[in-house]
1. Round to the nearest 10 and give me the degree value, 0 to 90, for the angle of helix 160-169's Cα axis relative to the longest principal axis of the chain.
2. How much mean residue ellipticity at 222 nm does the chain get from its helices, if each DSSP H run of length 4 or more adds -39500 (n - 2.57) and you divide by all residues, to the nearest 500 deg cm²/dmol?
3. Mind ordering 87-100, 129-142 by average Cβ neighbours within 10 Å, highest first?
4. Taking θ as phi - 60°, what are the ³J(HN,Hα) couplings along segment 68-76 by the Karplus curve (6.51, -1.76, 1.60), each to the nearest whole Hz, with x for Gly and Pro?
5. Take the alpha-carbon centre of segment 38-102, take the same for segment 131-192, and report the distance between them in whole Å.
6. Just to confirm a number: summing +1 for Lys and Arg and -1 for Asp and Glu over residues other than ASP139 whose beta-carbon lies under 12 angstrom from that of ASP139, what do you get?
7. Given H placed on each backbone N at 1.01 Å, which residues far from HIS147 in sequence or on other chains put an amide H within less than 5 Å of it?
8. Could you work out the percent of alpha carbon pairs in the chain separated by over 20 Å, rounded to a whole number?
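Coordinate-derived values only; no laboratory data. Fair warning: this is a prediction, and the values are worked out from it, not measured in the lab. Every residue, glycine among them, receives a Cβ derived from its backbone with ideal geometry; neighbour counts consider all protein chains shown.
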Amino acid sequence: MIHPSESPERVHSAVPEPEPPRRVVYRGLKIDLALQSIRLADGSFAEREVVLHRGAVALVPMVDDDHVCLVYNDRYAVGETLLEVPAGTIDEGESPNQTAARELAEETGHRAGKITLLRWWHVSPGVMSERTFLYLCEDLTPGPTNHQPDERLETTIVPWSEAVAMVHEGRIRDAKSMLAILFCDQLRNGIM
């Protein structure tokens, strides 16, 4: 299968002009905010805000063939506790593969005998640089969790069919979790 960015229809004959540099106006712990000057269709320029993010991983930890480990996560930004796949931000100097193994252990206590990168996607390309890398985690061995001080997580083991139903019924409302579960369900059903 050809990735859409590699399809012949996406190749332009003209070489695009380089983008002007971004000007960082705020530096945070997980994100930076930059202003990006962009050229509009009429040739004039405008400034747009861009949230700079190192990226993240989303994990589908299969406890066995028919059960997945999910986490209840207190999300202060939306004021809710959400049921999600385990996930986390890529630390500076860390690869997505390293982050996947670290976050699996930290959030669920499990170590995986096999971690497979399935896909990556842009989270919100209109305003963010963040990419999320999706991993399937198999051959799990339980162990202790190591939650960050600002995390309030509780793991739960759910039958796979129930996790898929929760997405369809709106009980799982986190976009990365919905995408991760539905994508993996397609793989499990031999559709992809």
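1. That helix lies at roughly 50 degrees to the long axis.
2. -6000 deg cm²/dmol
3. On the way: 87-100: 16.1, 129-142: 18.9.
Ranked by mean Cβ neighbours within 10 Å, highest first: 129-142, 87-100.
4. Each residue of segment 68-76 in turn: 10, 9, 10, 10, 7, 10, 6, 9, 5 Hz.
5. Centre-to-centre (Cα) distance: 13 Å.
6. For residues surrounding ASP139, the net value is -1.
7. none
8. That tail contains 62 percent of the Cα-Cα pairs.
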